[in-house]
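Below is one structure, written out as structure tokens; the observations come after it.
The values are calculated or read from the model by the stated rules, or taken from the named source; none is laboratory data. Values in this document were obtained by computation on a predicted structure and should not be read as measured data. Positions of Cβ are backbone-derived with ideal geometry, glycine not excepted, and every protein chain shown enters the neighbour counts.
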Amino acid sequence: MTDFSRKIAKTDVKSWLYHSYAQSNIHNPLLYRYFLHKFFREKIKVESAVFKITIKEANKTSLFLKKATINHDLAESLDDSRKDSLVYWEKVRDNLSNRFSIILNKNSTERIGNINKSLELGNLECLQWRSHHFKDYKMFLEVTKREYFLLGLDEKVALSSAELLIEACKVHDQIEEERDRDPLKKDDKRWDIALDLLAEHYELLIKYIR
């Protein structure tokens, strides 16, 4: 495992923590915006490393990622049976598709093919976020594996990378559930487990995404 993959994993764990703090303050606009800003400062670094784009380009993709995240947070703050929850998820999908459109078009002239591919990738990542929300890890695995395959990983590597991400997310979910029950709980050492899993995950993504 390279030091670079571990560095990106550390950055992403930090972004997870900031996003968690943002979501817990969604009804406090000032704190929500503060933690969301810190979240995106970290995510821009991850975007740049994984998709091999400049920080300037990552700033552009992250604008759509930011809009997708805000709509994700609004959807999760509502009862899942409400129709407006579905509207927010649709906005998540559309913004993720726009993000992938920038990434795919960076080094390609296949505009029409990339439009269709970016729409599929946006839909897959939206389904990944939703399946994580509902803790449907079987669906999470299927859509993430398909997303990574479309991004250039062969099926075996895509499966391995998706499995590593899911195991890291399970650790993340356990920590968050316990913190919700005990808001004063101190930093959890299990983040180190998530870090190790993410480092292996990013090692594969960075190596094989084309």
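For residues in the stretch 1-47 being in contact (Cβ under 8 Å) with a residue 24 or more places away in the chain and of a type in the set (D, E, K, R), which is nearest to ALA199 (Cα to Cα)?
ARG6
Give all pairs with beta carbons closer than 7 Å in which a residue from the stretch 108-125 that is hydroxyl-bearing (Ser, Thr, Tyr) meets a residue that is at pLDDT 55 or above; count only pairs at least 6 apart in sequence or on separate chains.
Close Cβ pairs satisfying both conditions: SER108/ASN114; SER118/SER97; SER118/PHE100; SER118/SER101; SER118/LEU104.
Conditions (1) within 19 Å of LEU197 (Cβ to Cβ); (2) buried (at least 17 other Cβ atoms within 10 Å of the Cβ); (3) polar (S, T, N, Q), marked per residue:
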site: LYS117; (1), (2), (3): no, yes, no
site: LEU121; (1), (2), (3): no, yes, no
site: CYS126; (1), (2), (3): no, yes, no
site: ARG130; (1), (2), (3): no, yes, no
site: LYS135; (1), (2), (3): yes, no, no
site: LEU150; (1), (2), (3): no, no, no
site: GLU155; (1), (2), (3): no, no, no
site: GLU163; (1), (2), (3): yes, yes, no
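Quick check on my filter: what residues within the stretch 144-190 are modelled with pLDDT of 90 or more and assigned to a loop (DSSP other than H, G, I, E, B)?
LEU151, GLY152, LEU153, ASP154
Which residue is modelled with the lowest pLDDT, if the candidates are limited to the stretch 18-43 and must be surrounded by fewer than 18 Cβ atoms within 10 Å (Cβ to Cβ) and among the aliphatic types (A, V, I, L, M)?
Out of the qualifying residues, it is ILE26.
Looking at (1) in a helix (DSSP H, G or I); (2) under 19 Å from GLU147 (Cα atoms); (3) aliphatic (A, V, I, L, M), which is the one condition that is false for LEU74?
(2)
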